[in-house]
């Protein structure tokens, strides 16, 4: 199947033989499906924090955080192309989609409008002139918005697009909003805000130059010092593209085509972070300052829940490491496992003798911890939190994408339809054990939760393999807790029209 030239390309990507063979096998199989048992509900897989507890948490937040190193981890490598999908349909056709008409009618409300107007003026086009009554003029306007002769928005990283306009002609990108957020909840007592962006190599200098220009402004405004770091998705996590006959897809020159292995590949990047606490949030989930209150409040709630769980785990691990834990101490650990983490102990656990129970509980608790905020489901596309069951009949709490669900099974479809909560990617995690030693995160990935999706390359259909998603299969074997958070903490920008929502546009 492969030539010497192919193997040279595979070696250049640092893809080992095992991974290569696995990819060739994956594309031949149906995608694995996750077995859903039931949705989560308050107090059955879901923490609900009342207002009095929140008040207590906020009052003690700085003390609890102490000198812990906190890092905000932001996947930011994606280009903004998909934001403008409907505009590209308009540019290639004659009709004006409803979504594009909304953009045309509200063009002056976008934060990027002043920059677009100046760009058009530089090319001899007056956006305010009466000629804009000619509907075709908007094809030229959008071309200058999206392409290289203008603002190049369709080809920039989404994080560097101007999202929000503020008084006194201040405009902020998504990256800047993440810097502001970090200063509000991800700073320890040393007043340093550590922010890590995962970016594409081709955007490295663009990103660094932009952040270097803006960093001092926000340091002075928010009285913090920023420590900004970057990483790339490792080439060894790339996957081969395959054609519809399940053979490796080749370009017009006969070369193998490699594709990024999806956001789950970032588990390697996460593993390399040196921190006590890591917040994870997508680059496009930001909002105006006037709406940041709930975001900041509930980030502190999530972190406080995590710190409390860490203490409980450390308490149990010391018991389990002792020479001869008492019956009562073992029961305390079982209580914590079942009540704090909602872990269902299998029936055979209760038939074990004490030494085997100790080993079982130790393996259960000696894992990274993640606390995930979830919001009420209101029709957003994407995955959600569920009770699931593996092939051994063991139940656990998981975030499951719709592509991992078996919709041909009516029972599974019913579970999904009854789900009330959605995963907004609002996660705080600990990747160290109770002794402060880092886990090797690759040990906790469920490698069977990969995806095979259909894509198009130069008009040809290909099969693309994606590694288990970062908050799906890549964290499948973590200790997981879900916490209810308000919908106001979730304001993603998936299309240009989303920038007209109140969370982004005054």
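Read the figures in this text as sums done on the coordinates, not as results from a lab. Source: prediction; values computed, not measured. Using ideal geometry, Cβ is built from the backbone for each residue, glycine included, and neighbour counts are taken over all protein chains shown.
Here are a few things to note about the model shown:
- Helix-derived mean residue ellipticity, 222 nm - over the chain, DSSP H n ≥ 4, -39500 (n - 2.57), to 500: -10000 deg cm²/dmol
- Measuring nothing but how far apart in sequence close Cα pairs (under 8 Å, 6+ apart) lie, relative to its length, segment 400-506 scores a relative contact order of 19 percent.
- Mean Cα-pair separation over length for segment 85-156, i.e. relative contact order, pairs under 8 Å, 6 or more apart, %: 23 percent
- Going from the fewest other Cβ atoms within 10 Å to the most, the residues 399, 199 appear in the order 199, 399.
- Within the chain, DSSP assigns beta bridges of which about 60% are antiparallel (rounded to the nearest 5).
- Sequence of 490, 407 once ranked by neighbouring C-beta atoms within 10 Å, starting from the fewest: 407, 490
- Burial ordering of 418, 172, 340, fewest other beta-carbon atoms within 10 Å first: 418, 340, 172
- If you bin all the Cα-Cα distances of the chain at 20 Å, starting from zero, the percentages per bin are 20, 52, 25, 2, 0.
- Global form of segment 358-506, assessed from the alpha-carbon gyration tensor, a/c cut-off 1.5: prolate
- Pairs of Cα atoms nearer than 8 Å and 6+ residues apart set the relative contact order; for the chain it is 25 percent.
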